[in-house]
Protein chains: 2
Amino acid sequence: MAPKELLLITGNSNKIADFNAILAPAGIIVRNQAVDVPEIQGSIEEISIAKCRKAAEIIGGPVIIDDTALCFNAMGGLPGPYIKAFLEALGPKSLHLLLAGFSDKSAQAVATVGYCQGQGHEPILFQGRIDGTIVPARGNMQYGWQTCFEYGETGQTLAEMPDVEKHKISHLGIALGKLVSWLNHLDDRVTDTT
Amino acid sequence: MAPKELLLITGNSNKIADFNAILAPAGIIVRNQAVDVPEIQGSIEEISIAKCRKAAEIIGGPVIIDDTALCFNAMGGLPGPYIKAFLEALGPKSLHLLLAGFSDKSAQAVATVGYCQGQGHEPILFQGRIDGTIVPARGNMQYGWQTCFEYGETGQTLAEMPDVEKHKISHLGIALGKLVSWLNHLDDRVTDTT
């Protein structure tokens with residue numbers, strides 16, 4: 001059986017709520033534990049793998065982690081994994097100004113969820129990417145950079161979409177969908193060999 | 001006696017040349033070793049301390065490391081330690097466009113040199129900060145972001161200044177001056193106790 005409970009390494013209550021909202025229909029409950037895991041500099045994948053491996057080592061058992069990136073195409077994917085620092089420094093209302101000097105306002109929102117069985121196991125990554133356009137902030141400012149990310153052709157920022165709708169199409173929704181498929185596939189493989 | 005030879009953890013030959021040019025008058029020779037030390041995300045000081053500690057642990061003896069940051073005041077100090085990624089993504093000629101949406105073009109160039117005696121010893125940091133203005137790139141493009149940093153009231157970017165002049169006023173010159181003073185002070189303390 002795929003695990004019905006996952007341990008997410010975070011102290012962010014909004015993140016836990018999002019994970020549970022998306023994973024509840026798959027019958028998965030997400031608990032959380034706040035652990036101080038230093039993040040390295042590097043690509044989204046390098047950062048996620050290092051974080052997941054370290055978290056599993058500290059916890060001594062299965063964990064999931066996530067990393068969120070906002071990638072501006074005009075900047076070769078930056079701020080990318082450093083978006084949190086830029087959001088803290090500028091706030092949602094000034095974030096779009098980073099692209100004022102560039103005509104290409106296109107961007108990708110990227111969620112990378114890592115699963116690691118425990119110390120010595122290789123982390124496995126599940127990634128969701130969606131395309132959008134960087135715009136002046138609209139919607140609930142508590143949603144941070146999602147106020148500046150107009151999704152696809154909808155004319156709505158992620159922060160203007162109802163949560164239920166957003167989770168169906170979002171970077172995190174896609175990443176967690178892949179995680180669920182993989183967990184279910186684990187079940188199939190177990191069934192195949194019995 | 002202060003060490004007359006320091007081991008700088010880097011594979012960058014330009015950096016070694018700069019260190020030697022600045023430290024030669026103090027009678028210090030800099031050797032180097034290229035070691036892959038992952039850098040964490042965080043403040044300049046957190047990154048430098050973690051890198052220095054890890055390098056000393058790997059080498060098993062005294063090391064120096066350095067971290068370079070370019071801090072835009074309009075962005076609360078960012079890109080800061082992430083400047084290398086932004087420079088790689090944008091190139092020197094587009095770097096100033098990051099500030100196109102901001103009226104405050106002021107910036108600080110920051111060099112942080114860390115010294116660690118060896119495993120289990122606390123790293124000590126020596127920092128040089130200079131004020132300037134971000135401008136469209138001028139000077140030798142091989143100098144990277146220094147082409148965009150107009151120093152103080154000189155009207156010259158760091159990349160337009162002769163190396164000898166630059167080293168007298170630069171962020172790295174100041175940081176290494178502090179290192180030399182500290183090393184000499186170690187000598188004084190040894191002398192005092194004999």
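Data for the structure
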item: Dipole axis of the protein assembly as shown (+1 Lys, Arg; -1 Asp, Glu on Cβ), positive-most option in A:His96, B:Ile9, B:Pro123; result: A:His96
item: ³J(HN,Hα) computed for each position of the stretch A:65-70 - Karplus, 6.51 cos²θ - 1.76 cosθ + 1.60, integer Hz, glycine/proline x; result: 10, 9, 9, 10, 9, 10
item: Amide H contacts under 5 Å for A:Met161, placed H, 5+ residues apart; result: none
item: Given charges at beta-carbon only (K, R positive; D, E negative), |dipole| of the stretch B:5-192 in Debye; result: 300
item: Protection proxy ranking of A:37-44, B:33-40 - average other beta-carbon atoms within 10 Å, highest first; result: A:37-44, B:33-40
item: Solvent-accessible area lost in complex, 20 Å² minimum, residues of the stretch A:70-87 relative to chain alone, 1.4 Å; result: A:Met75, A:Leu78, A:Tyr82, A:Ala85, A:Phe86
item: Residue-wise HN-Hα coupling along the stretch B:40-56, computed from phi with Karplus coefficients 6.51, -1.76, 1.60 (Hz; x: Gly, Pro); result: 8, 8, x, 6, 3, 5, 4, 4, 5, 5, 4, 5, 5, 4, 5, 5, 5
item: Summed buried accessible surface, chains A and B, 1.4 Å probe, nearest 100 Å²; result: 1800
item: Structure-based [θ]222 nm, chain B - -39500 (n - 2.57) summed over DSSP H runs of at least 4, per residue, nearest 500; result: -10500 deg cm²/dmol
item: FRET efficiency estimate (nearest 0.05) - Cβ-Cβ, A:Glu57 to B:Gln119, R0 25 angstrom; result: 0.80
item: Alpha-carbon centroid distance for the pair the stretch B:95-129 / the stretch B:32-74, whole angstrom; result: 11
item: Table column - 3J(HN,Hα) (Hz), the stretch A:8-24, Karplus curve with 6.51, -1.76, 1.60, x for Gly and Pro; result: 9, 8, 6, x, 8, 5, 5, 5, 4, 4, 4, 4, 5, 4, 7, 8, 4
item: For A:Arg138, net neighbour charge (Lys/Arg +1, Asp/Glu -1) across residues whose Cβ lies under 9 Å away; result: -2
item: Net dipole in debye of the stretch A:65-166 [+1 Lys, Arg Cβ; -1 Asp, Glu Cβ; about Cα centre; nearest 20]; result: 260
item: Long-range amide H partners of A:Ala100 with built H, under 5 Å; result: B:Gly101
item: Reachable aspartates and glutamates from B:Lys51, criterion Cα separation under 15 angstrom, eight or more residues apart if same chain; result: A:Glu39, B:Asp36, B:Glu39, B:Asp66, B:Asp67, B:Glu122
item: Members of A:Lys93/B:Lys166; A:Lys84/B:Lys93; A:Lys54/B:Lys84 lying beyond 31 Å, as alpha-carbon distances in this model show; result: A:Lys93/B:Lys166
item: Cut-off under 5 Å, modelled amide H: who pairs with A:Val30 long-range; result: A:Leu6
item: Among B:Leu99, B:Leu23, B:Leu176, residue whose mean-square fluctuation peaks in a GNM of chain B (springs only between Cα atoms under 10 Å); result: B:Leu99
item: Crossing angle, helix B:171-192 versus chain B [Cα axis fit, 0-90 degrees, rounded to tens]; result: 20
item: Backbone N within the stretch B:41-73 under 12 Å of label point (7 Å from B:Gln33 Cα along the Cβ vector); result: B:55-64
item: Within 10 Å of each Cβ in A:88-94, the average number of Cβ atoms from other chains; result: 3
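The values are calculated or read from the model by the stated rules, or taken from the named source; none is laboratory data. Not measured: the values here are computed from a predicted model. Positions of Cβ are generated from backbone atoms using ideal geometry, with glycine treated the same way; all protein chains shown enter the neighbour counts. Only protein heavy atoms, including side chains, enter the accessible area calculation; ligands, DNA and RNA are left aside. Shrake-Rupley method; radii C 1.70, N 1.55, O 1.52, S 1.80 Å.
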